[in-house]
1. Counting Lys and Arg as +1 and Asp and Glu as -1, what is the net charge of the other residues whose Cβ lies under 15 Å from the Cβ of A:His131?
2. Considering only DSSP states other than H, G, I, E and B, which chymotrypsin sites (Phe, Trp or Tyr not before Pro) in segment B:101-156 qualify as loop sites with at most 13 other Cβ atoms within 10 Å?
3. I want to check the label-to-label distance for B:Ile6 and B:Glu20. Put each point 7 Å from Cα in the C-beta direction and report it in nm to one decimal.
4. Kindly provide the chymotrypsin sites (Phe, Trp or Tyr not before Pro) of segment A:109-187 that DSSP labels as loop, not H, G, I, E or B, and whose Cβ sees at most 13 other Cβ atoms within 10 Å.
5. How charged is the neighbourhood of B:His199? Take every other residue with its Cβ under 13 Å from the Cβ of B:His199, and add Lys/Arg as +1 and Asp/Glu as -1.
6. Is it possible to state the helix-based mean residue ellipticity at 222 nm for chain B, with each DSSP H run of 4+ residues giving -39500 (n - 2.57), the sum divided by total residues, to the nearest 500 deg cm²/dmol? What is it?
7. Find how much the distance from B:Ser170 to B:Lys158 grows on full extension, using 0.36 nm per residue of separation minus their present alpha carbon separation; answer in nm with one decimal.
8. Determine the relative contact order of chain A: mean sequence separation of Cα pairs under 8 Å and six or more apart, normalised by residue count, in whole percent.
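The values are calculated or read from the model by the stated rules, or taken from the named source; none is laboratory data. A quick note: this is a predicted structure, and the numbers were derived from the prediction, not measured. Using ideal geometry, Cβ is built from the backbone for each residue, glycine included, and neighbour counts are taken over all protein chains shown. SASA here: full protein model, heavy atoms, side chains in, ligands and nucleic acids out. Shrake-Rupley method; radii C 1.70, N 1.55, O 1.52, S 1.80 Å.
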Amino acid sequence: MRQPTAESESAGGVAPRGRYRAIVIGGSAGGMKALLTVLSRLHEGFQSPIIVVLHVHPTESGYLAEHLGERCGLPVKEALDKEPAQAGVVYVAPPGYHLLVEREETLALSADEPVRFARPSIDVLFESAAHVWSWRLIGVILSGANSDGAYGISQIRKFGGLTIAQDPTTAEYPVMPQSAVDTASVAKILSPEEIGGFLGGMNCSTK
Amino acid sequence: MNNADIENIEISLLLEAIYERYGHDFRHYARASISRRIRQFLNNASGCASISEMIPKVLHDESFFERLINNFSIPVTEMFRDPLVYRSIRQKIVPLLKTYPFVRIWHAGCATGEEVYSMAILLKEEGLYDRATIFATDFNDVALSKAKEGIYAVDSIKQFTGNYQQSGGSASFSEYYHARYDSIAIQHSLKRNITFANHNLATDGVFGEMHLIMCRNVLIYLDSALQSRVANLFGESLTYGGFLCLGTKETLDFTDGGKHFKVIDEPARIYQKKAAGFAP
Ligand SMILES: C[S@@+](CC[C@H](N)C(=O)[O-])C[C@H]1O[C@@H](n2cnc3c(N)ncnc32)[C@H](O)[C@@H]1O
């Protein structure tokens, strides 16, 4: 079954409506720009929560959500511990904390030690989200200069979720998406514009 | 039912076995985080093929259990962590503490002690140390004995010093420790009024008439039911008008334990116990 607008939306197609319950996105160096491109194609009333880990300097706490919020059409907030993950909201991990998802679809923070030098860690978010949403989860890896997220993307794949990597040739820093691709767990390799178009295809009511 | 659901059953059974056998209650820890640590232990150190296989080992092999629960305490900490919180304590709490003839402070979940010594330094600089009694508790004995020693790696000193300066510290931070070969030792005089003790927030009771409770980056490890228990425990352990300080990403908003408290400083997560008769 194909959306009528699939071809015109973008070369990446669009996500089938109703199937996916949540989106997780990870990125590092160069990831901010790619993320803004993706988010700019999503609009108010989006049908699932979008949960983001972006590696930034620990002193920039609070700044990240503000920066994204000013530049995209969806509400963006820094994740709070125990907060329910609501559709149409972009949650970003606070610097210095891991962000996880609980089975009752609430967000959880942890001050555990960094995982492979990263806190927040993309792997930690993706693995926990895969356990909660399994095949109803979309995981996206954007530009970055390290390989955080490769393990996480393979976990999402293992639970039947949809895995997307930014096309490394479009990434400012290709190591992160390339590492994800190298796990052979990535289903779609797309430019940020195409990722935005694809996810935007979910932005229809579930009627 | 998918594999994640099955794994969740295994984890519930494992935590139940630990509780029944050893009395350590992790059943109401935030599930996502403890699941991650169990998986990690399973893959790296258990010699088991599944979480279910760990259950008989936990029941019959005490050393296996001890290795496992070592992974459940995360004593990650630093001195003057979140410096602005200490600044706020100086500005908003200290003036009230100064009105008491003696001051009782409880650090719940003190890990390896950095937070406790930070408080000791702050009290010293504010002229409050001599009338203060500090209780520092954790359920991790290994962390507690490190806390008692007060010896830290020399490479943390740069971060500690930076934090101290941002926290509004008025002296030179190096006055508070002796440098050794590859470590630093906290000044003996800072330890005088500190009592370290084992206390488990999940199972143990009220802890005296406190004026200030510091419990930072501990509640995030608990689910909301256990958070409520702990918030009530803190409510009962504080004098009226006493203060509670949580981690900067923690909140009482998603539990019903918040009813005892009003917010004093939102970003620093400083709460104050409401007076008796104060309508909830
Ligand atoms: C991340 S550390 C926080 C240390 C310090 N308060 C800080 O913010 O830097 C969390 C500590 O909570 C302790 N903890 C966890 N569960 C506990 C419980 N049920 N009772 C007492 N301490 C607990 C752990 O052993 C660990 O040392």
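1. Details: positive: A:Arg21, A:Arg103, A:Arg136, A:Arg157, A:Lys158, B:Arg31, B:Arg36, B:Arg37, B:Arg39; negative: A:Glu102, A:Glu104, A:Glu105, A:Asp123, A:Glu127, B:Asp5, B:Glu7, B:Glu10.
Residues close to A:His131 contribute a combined charge of +1.
2. Values: sites: B:Phe102, B:Trp106, B:Tyr117, B:Tyr129, B:Phe135, B:Phe139, B:Tyr152; in loops: B:Phe102, B:Phe139.
Those that pass, being in a loop and sparsely packed, are B:Phe102.
3. Computed distance between label sites B:Ile6 and B:Glu20 equals 2.2 nm.
4. On the way: sites: A:Phe117, A:Phe126, A:Trp133, A:Trp135, A:Tyr151, A:Phe159; in loops: A:Phe117, A:Phe159.
Within segment A:109-187, the qualifying chymotrypsin sites (Phe, Trp or Tyr not before Pro) (loop, at most 13 other Cβ atoms within 10 Å) are A:Phe117.
5. Working: positive: none; negative: B:Asp138, B:Asp141, B:Asp204.
Taking every Cβ under 13 Å from that of B:His199, the sum is -3.
6. Roughly -12000 deg cm²/dmol at 222 nm, from the helical runs in chain B.
7. Details: separation 12, 0.36 × 12 = 4.32 nm, distance 1.69 nm.
Result: 2.6 nm gained on full extension.
8. Numbers: 525 pairs, mean separation 56.2, N = 207.
The normalised contact order for chain A reaches 27 percent.
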